[in-house]
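Contents: one structure, followed by commentary.
The values are calculated or read from the model by the stated rules, or taken from the named source; none is laboratory data. All values derive from a computational prediction rather than experimental measurement. So basically every Cβ, Gly included, is an ideal-geometry build from the backbone, and we count neighbours across all protein chains shown. Please note that ligands, DNA and RNA were not included when accessible areas were found on the heavy atoms of the full protein model with its side chains. Shrake-Rupley method; radii C 1.70, N 1.55, O 1.52, S 1.80 Å.
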Amino acid sequence: MNNSVITFPVPANEPVKAYLAGSPERVALEKELERQSKLVVDIPIIIGGEEIRTGDVGQVTCPHDHKHVLATYHKVGKKEVEMAVKAAMKAWKEWSRTPWTTRAAVVMKMAELLATKYRPILNAATMLGQSKKI
(Lines give C-alpha, C1' and ligand atoms only; values in the text may rest on other atoms or scores of the structure.)
Protein backbone atom coordinates (compact mmCIF):
# COMPACT_ATOMS: atom_id res chain seq x y z
CA MET A 1 0.00 0.00 0.00
CA ASN A 2 1.21 3.49 -0.80
CA ASN A 3 1.22 5.68 2.32
CA SER A 4 2.54 8.75 0.53
CA VAL A 5 0.73 12.04 0.68
CA ILE A 6 0.55 13.24 -2.89
CA THR A 7 -0.28 16.84 -3.71
CA PHE A 8 -1.06 18.27 -7.10
CA PRO A 9 -1.21 21.94 -8.05
CA VAL A 10 -4.50 23.71 -7.52
CA PRO A 11 -6.34 23.71 -10.86
CA ALA A 12 -6.27 27.05 -12.64
CA ASN A 13 -7.38 28.25 -16.03
CA GLU A 14 -4.76 28.80 -18.69
CA PRO A 15 -3.89 32.46 -19.25
CA VAL A 16 -5.80 33.99 -22.14
CA LYS A 17 -3.39 35.01 -24.88
CA ALA A 18 -4.25 38.11 -26.89
CA TYR A 19 -2.45 37.07 -30.10
CA LEU A 20 -1.63 40.71 -30.83
CA ALA A 21 0.26 41.44 -34.04
CA GLY A 22 3.96 40.76 -33.50
CA SER A 23 3.46 38.90 -30.19
CA PRO A 24 5.36 35.62 -29.79
CA GLU A 25 2.16 33.57 -29.73
CA ARG A 26 0.85 35.30 -32.88
CA VAL A 27 4.13 34.82 -34.75
CA ALA A 28 4.23 31.11 -33.76
CA LEU A 29 0.60 30.62 -34.81
CA GLU A 30 1.04 32.37 -38.17
CA LYS A 31 4.15 30.28 -38.89
CA GLU A 32 2.30 27.08 -38.00
CA LEU A 33 -0.76 28.03 -40.08
CA GLU A 34 1.52 28.60 -43.07
CA ARG A 35 3.28 25.26 -42.52
CA GLN A 36 0.08 23.26 -42.11
CA SER A 37 -1.60 24.96 -45.07
CA LYS A 38 1.04 23.42 -47.34
CA LEU A 39 0.72 19.86 -45.99
CA VAL A 40 -1.53 16.93 -46.74
CA VAL A 41 -1.26 14.76 -43.65
CA ASP A 42 -1.64 10.97 -43.87
CA ILE A 43 -3.74 9.84 -40.90
CA PRO A 44 -3.33 6.12 -40.22
CA ILE A 45 -5.53 4.04 -37.96
CA ILE A 46 -3.73 3.46 -34.66
CA ILE A 47 -4.64 0.30 -32.82
CA GLY A 48 -2.62 -0.82 -29.84
CA GLY A 49 0.09 1.68 -30.72
CA GLU A 50 0.49 0.24 -34.23
CA GLU A 51 -0.14 2.28 -37.38
CA ILE A 52 -2.46 0.61 -39.87
CA ARG A 53 -3.15 1.81 -43.39
CA THR A 54 -6.06 0.14 -45.16
CA GLY A 55 -5.70 1.91 -48.49
CA ASP A 56 -9.41 2.80 -48.33
CA VAL A 57 -9.02 6.53 -47.72
CA GLY A 58 -11.17 9.60 -47.29
CA GLN A 59 -10.23 13.26 -47.36
CA VAL A 60 -10.34 16.02 -44.77
CA THR A 61 -10.92 19.41 -46.41
CA CYS A 62 -11.31 22.99 -45.25
CA PRO A 63 -15.03 23.66 -44.69
CA HIS A 64 -14.88 26.86 -46.76
CA ASP A 65 -12.67 25.41 -49.52
CA HIS A 66 -13.39 21.79 -50.32
CA LYS A 67 -10.59 21.76 -52.90
CA HIS A 68 -8.01 22.38 -50.13
CA VAL A 69 -7.23 18.91 -48.80
CA LEU A 70 -5.74 19.00 -45.31
CA ALA A 71 -5.39 15.25 -44.78
CA THR A 72 -6.26 11.78 -45.95
CA TYR A 73 -7.47 9.23 -43.42
CA HIS A 74 -7.73 5.46 -43.59
CA LYS A 75 -11.21 4.02 -43.17
CA VAL A 76 -11.83 1.05 -40.91
CA GLY A 77 -13.72 -2.13 -41.57
CA LYS A 78 -15.02 -4.90 -39.34
CA LYS A 79 -11.51 -6.37 -38.92
CA GLU A 80 -10.05 -3.09 -37.63
CA VAL A 81 -13.00 -2.53 -35.28
CA GLU A 82 -12.51 -5.98 -33.75
CA MET A 83 -8.77 -5.33 -33.38
CA ALA A 84 -9.51 -1.99 -31.69
CA VAL A 85 -11.94 -3.57 -29.21
CA LYS A 86 -9.34 -6.19 -28.23
CA ALA A 87 -6.63 -3.54 -27.89
CA ALA A 88 -8.90 -1.31 -25.79
CA MET A 89 -9.74 -4.18 -23.45
CA LYS A 90 -6.03 -4.96 -23.01
CA ALA A 91 -5.18 -1.28 -22.45
CA TRP A 92 -7.98 -0.91 -19.91
CA LYS A 93 -6.67 -3.87 -17.92
CA GLU A 94 -3.13 -2.39 -17.81
CA TRP A 95 -4.27 1.19 -17.17
CA SER A 96 -6.72 0.20 -14.42
CA ARG A 97 -3.87 -1.49 -12.53
CA THR A 98 -1.63 1.57 -12.82
CA PRO A 99 -1.47 3.56 -9.56
CA TRP A 100 -3.66 6.66 -9.62
CA THR A 101 -0.63 8.87 -8.94
CA THR A 102 1.04 7.63 -12.12
CA ARG A 103 -2.16 8.10 -14.14
CA ALA A 104 -2.57 11.61 -12.74
CA ALA A 105 1.05 12.42 -13.59
CA VAL A 106 0.48 11.29 -17.20
CA VAL A 107 -2.58 13.54 -17.51
CA MET A 108 -0.72 16.48 -15.94
CA LYS A 109 2.14 16.05 -18.43
CA MET A 110 -0.31 15.92 -21.34
CA ALA A 111 -1.95 19.13 -20.15
CA GLU A 112 1.42 20.84 -19.85
CA LEU A 113 2.46 19.83 -23.37
CA LEU A 114 -0.88 20.91 -24.86
CA ALA A 115 -0.61 24.30 -23.14
CA THR A 116 2.98 24.93 -24.23
CA LYS A 117 4.87 23.01 -26.91
CA TYR A 118 1.86 21.87 -28.92
CA ARG A 119 -0.41 24.92 -28.47
CA PRO A 120 0.36 26.55 -31.84
CA ILE A 121 0.09 23.20 -33.64
CA LEU A 122 -3.32 22.44 -32.15
CA ASN A 123 -4.58 25.98 -32.64
CA ALA A 124 -3.53 26.03 -36.30
CA ALA A 125 -5.06 22.61 -37.00
CA THR A 126 -8.31 23.70 -35.34
CA MET A 127 -8.39 26.95 -37.28
CA LEU A 128 -7.84 25.20 -40.63
CA GLY A 129 -10.35 22.48 -39.82
CA GLN A 130 -13.01 25.00 -38.80
CA SER A 131 -12.26 27.75 -41.33
CA LYS A 132 -11.25 30.25 -38.63
CA LYS A 133 -9.26 33.36 -39.54
CA ILE A 134 -6.58 34.94 -37.39
For Lys132, the lone unmet condition from (1) at pLDDT 95 or above; (2) over 15 Å from the mean Cα position of the chain (by Cα); (3) assigned to a loop (DSSP other than H, G, I, E, B); (4) not hydroxyl-bearing (Ser, Thr, Tyr) is (1)
In segment 6-29, anything surrounded by 10 or more Cβ atoms within 10 Å (Cβ to Cβ), at pLDDT 90 or above and under 17 Å from Glu112 (Cα atoms) is listed as Lys17, Glu25
Counted residues in segment 95-134 being open to solvent by 70 Å² or more (accessible area, probe 1.4 Å) and of a type in the set (A, V, I, L, M, F, W, C) come to 8
The condition from (1) β-branched (Val, Ile, Thr); (2) in contact (Cβ under 8 Å) with a residue 24 or more places away in the chain; (3) assigned to a helix (DSSP H, G or I); (4) more than 27 Å from Glu34 (Cα to Cα) that Val107 misses is numbered (2)
Just one listed residue, out of Ala115, Ala88, Ala84, is small (Gly, Ala, Ser) and farther than 22 Å from Gly48 by Cα, and it is Ala115
Taking segment 58-79 and keeping residues within 17 Å of the chain's Cα centre (by Cα) and either open to solvent by 40 Å² or more (accessible area, probe 1.4 Å) or at positive phi (or both) leaves Val60, Tyr73
message = Being within 30 Å of Ala12 (Cβ to Cβ), exposed (fewer than 12 other Cβ atoms within 10 Å of the Cβ) and among the aromatic types (Phe, Trp, Tyr): is that true of Trp92 here?
response = no
### Task
Can you confirm whether segment 71-93 contains a residue that is aliphatic (A, V, I, L, M) and closer than 16 Å to Leu122 by Cα?
yes
The one condition Thr54 fails out of (1) closer than 30 Å to Ile134 by Cβ; (2) part of a loop (DSSP other than H, G, I, E, B); (3) touching a His at 6+ places or on another chain (Cβ under 9 Å) is (1)
In the set Gly48, Gly55, the lone residue that is out of contact with any Cys (no Cβ under 8 Å at 6 or more places or on another chain) and either surrounded by fewer than 10 Cβ atoms within 10 Å (Cβ to Cβ) or not small (Gly, Ala, Ser) (or both) is Gly55
Is at least one residue of segment 110-117 of a type in the set (D, E, K, R), over 30 Å from Ile6 (Cβ atoms) and outside any helix (DSSP H, G or I)?
-> no
